[in-house]
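The values are calculated or read from the model by the stated rules, or taken from the named source; none is laboratory data. This one's a predicted model, so the numbers in the text were calculated from it and none came from an experiment. As a convention, Cβ positions derive from the backbone with ideal geometry for all residues, glycine included, and neighbour counts pool all protein chains shown. The protein model used for the area step is the full one, side chains on, heavy atoms only, and it has no ligands, DNA or RNA in it. Shrake-Rupley method; radii C 1.70, N 1.55, O 1.52, S 1.80 Å.
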Amino acid sequence: MAKLNPFDLFDVESLLSEEEIMIKESVARFVDERAMPLIASHFDKAEFPSELVPEIAELGLLGSSLEGYGCAGLNAVSYGLICQELERCDSGLRSFVSVQSSLCMYPIHAYGTEEHKQRWLPGMAAGEIIGCFGLTESHGGSDPASMKTHARRKGDDWIINGSKMWITNGSIADIAVVWATTDEGIMGFVLEKGMPGFESRTIKSKMSLRASVTSELYFDNVRVPEGNRLPNVTGLKGPLGCLTQARYGISWGPIGCAIDCLAEVIGYTADRVLFGRPLAANQAIQIRLAEMARRITTAQLLALQLGRMKDAGQMQPTQVSIAKWNNVRMALDIARDCRDILGGSGITTEYKAIRHMLNLESVITYEGTETVHQLVVGRELTGINAF
Ligand code: TGC
Ligand code: FAD
């Protein structure tokens with residue numbers, strides 16, 4: 001019998017098209033050759049590896065599932081595979097691509113005018129314009145409907161006041177898609193770096209996503225032209241529609257972390273000799289490794305089916321909630337368990353488990369906490385809104 005691939009026990013790869021395999025392999029090559037060698041030191045120094053952005057753009061990974069405007073127009077499964085391979089390196093790398101693609105380019109593409117698309121998307125696809133997405137505020141990210149940031153019409157302009165918290169790419173962004181309440185409902189605006197009254201501040205002392213920039217945004221009477229408003233959506237469904245795109249990618253990404261952690265401990269337990277035999281020869285260790293493989297396999301099948309439903313135009317937000325919840329929880333549990341199996345070595349970034357583990361503490365919180373996704377599923381089952 002042929003030897004099974006320990007990281008793809010159900011041969012999910014055989015369900016992919018030739019093009020999807022080619023995309024996965026080219027991102028994997030970039031990750032192994034260019035990103036992996038430098039990620040631990042960037043994490044240690046709390047620096048985003050901005051030197052990788054031109055190559056990420058060159059590979060067509062920015063706005064990869066959008067059509068036109070310099071974007072690659074790939075299918076949803078390919079976008080998922082891109083997220084999985086990038087997050088195999090570090091959640092921060094996938095976060096950068098998620099925010100640029102799903103949270104900034106997507107709303108410009110879906111809710112913007114033709115002029116907006118021509119103005120920003122080609123530069124964003126080329127990595128020359130960096131975007132961020134400002135929804136969360138400090139008083140409660142799970143409940144974005146309670147936002148206080150406000151935009152008031154003044155002639156042909158809008159005056160924006162308020163602040164946003166925990167914004168990925170915030171201090172390196174050239175533009176920010178900012179959601180604000182207005183007298184006509186929640187609306188989206190594209191703010192540009194340098195607009196008077198628009199400031200950002202990098203959040204320091206993070207123990208998670210250290211290779212990613214996270215910031216606060218401040219708006220003090222920022223005058224934004226009507227021409228910078230995204231006119232084709234009003235209400236919370238605007239930002240929530242973007243979150244569905246990003247959460248879809250996050251359903252795939254953590255599979256990469258889990259595979260990376262499992263690969264590391266399979267090697268480690270084979271080499272580590274305790275009580276006269278390899279650690280891997282112990283039943284207790286094999287059960288833990290088998291449990292990891294079982295959960296990775298389940299997550300892979302869930303993500304692929306979600307992607308096929310998205311490509312068929314049938315994916316629903318509740319299904320995204322189940323996948324994000326299951327797959328992030330799976331990866332976080334595996335990273336924590338791998339950290340333990342590595343013993344003392346597992347507490348340094350010389351090994352990868354602790355970096356993935358710390359990153360996944362953010363991933364389980366952002367884009368809807370685990371509880372938020374559980375309650376979305378609960379609402380679907382009972383018809384009762386528990387929020
Ligand atoms: P609710 O009444 O449920 O809905 C309001 C309107 O929105 C529509 N809708 C959705 N549309 C698209 N996708 C979804 N997932 C949607 N969910 C709801 C809904 O149909 C309705 O439309 P309409 O036409 O009837 O007005 O709103 P609610 O206030 O009850 O929302 C409940 C809840 C808790 C699910 C929602 O507020 C929520 O998802 N909260 C979590 C917030 C969150 O996830 N924030 C993430 C911020 S961005 C981020 O974390 C980036 S990190 C990225 C990175 O670095 O990788
Ligand atoms: P809270 O909403 O205050 O939640 C606190 C706790 O209460 C959680 O455990 C939650 O599950 C629980 N809880 C909430 N409601 C209920 C309930 N009804 N029942 C039971 N328990 C409940 N946001 C952006 O807009 N753009 C970004 O680019 C972005 N990037 C981020 C990057 C990082 C590294 C991090 C950490 C966050 C980022 N966020 C971003 C914000 C993120 O989306 C929020 O942190 C998240 O939505 C949770 O909001 P909160 O932190 O205010 O927690």
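For the stretch 26-47, the condition of being open to solvent by 30 Å² or more (accessible area, probe 1.4 Å) and outside any helix (DSSP H, G or I) holds for at least one residue. Of the residues making up the stretch 352-361, not a single one is in contact with a Pro (Cβ under 6 Å, 6 or more places away or on another chain) and away from ligand 1 (no atom under 11 Å from the Cβ).
On inspection, Gln84 qualifies as within 15 Å of ligand 1 (Cβ to nearest atom), out of contact with any Ser or Thr (no Cβ under 6 Å at 6 or more places or on another chain) and either assigned to a loop (DSSP other than H, G, I, E, B) or open to solvent by 10 Å² or more (accessible area, probe 1.4 Å) (or both).
In the stretch 274-283, what count of residues is obtained for those that are on the phi < 0 side of the Ramachandran plot and not in a helix (DSSP H, G or I)? Total satisfying the criteria: 4. When each of Gln286, Gln319, Gln305 is tested for being farther than 30 Å from Gly383 by Cβ, in a helix (DSSP H, G or I) and open to solvent by 10 Å² or more (accessible area, probe 1.4 Å), the lone residue that passes is Gln286. Scanning the stretch 259-302 for residues that are aromatic (Phe, Trp, Tyr) and under 30 Å from the mean Cα position of the chain (by Cα) returns a single hit, Tyr268. Listed by first and then second residue, the pairs linking a residue in the stretch 327-347 that is free of Cβ contacts under 8 Å to residues at least 24 places away in the same chain and over 26 Å from His373 (Cβ atoms) to a residue that is aromatic (Phe, Trp, Tyr) and buried (at least 17 other Cβ atoms within 10 Å of the Cβ), with Cβ atoms under 7 Å apart and 6 or more places separating them unless they lie on different chains, form an empty list.
Taking the residues in the stretch 131-152 that are surrounded by 13 or more Cβ atoms within 10 Å (Cβ to Cβ) and more than 13 Å from ligand 1 (Cβ to nearest atom) as candidates, determine which candidate is farthest from Arg229 (Cα to Cα). The qualifying residue farthest from Arg229 (Cα to Cα) is Thr149.
The residue that is nearest to Glu33 (Cα to Cα), counting only those in the stretch 67-104 that are within 14 Å of ligand 2 (Cβ to nearest atom) and hydrophobic (A, V, I, L, M, F, W, C), is Leu93.
The rows are residues; the columns are (1) crowded, with 24+ Cβ neighbours inside 10 Å; (2) assigned by TED's automatic domain parsing to the domain that holds Ala303; (3) among the polar types (S, T, N, Q).
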residue: Thr202; (1), (2), (3): no, no, yes
residue: Val213; (1), (2), (3): yes, no, no
residue: Glu216; (1), (2), (3): no, no, no
residue: Phe219; (1), (2), (3): yes, no, no
residue: Val224; (1), (2), (3): no, no, no
residue: Gly249; (1), (2), (3): yes, yes, no
residue: Cys261; (1), (2), (3): yes, yes, no
residue: Glu264; (1), (2), (3): no, yes, no
residue: Gly267; (1), (2), (3): no, yes, no
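Restricting the search to strands (runs of 3 or more DSSP E) fully inside the stretch 119-174 and requiring at least 1 residues that are closer than 26 Å to Leu62 by Cα gives 131-134, 157-168.
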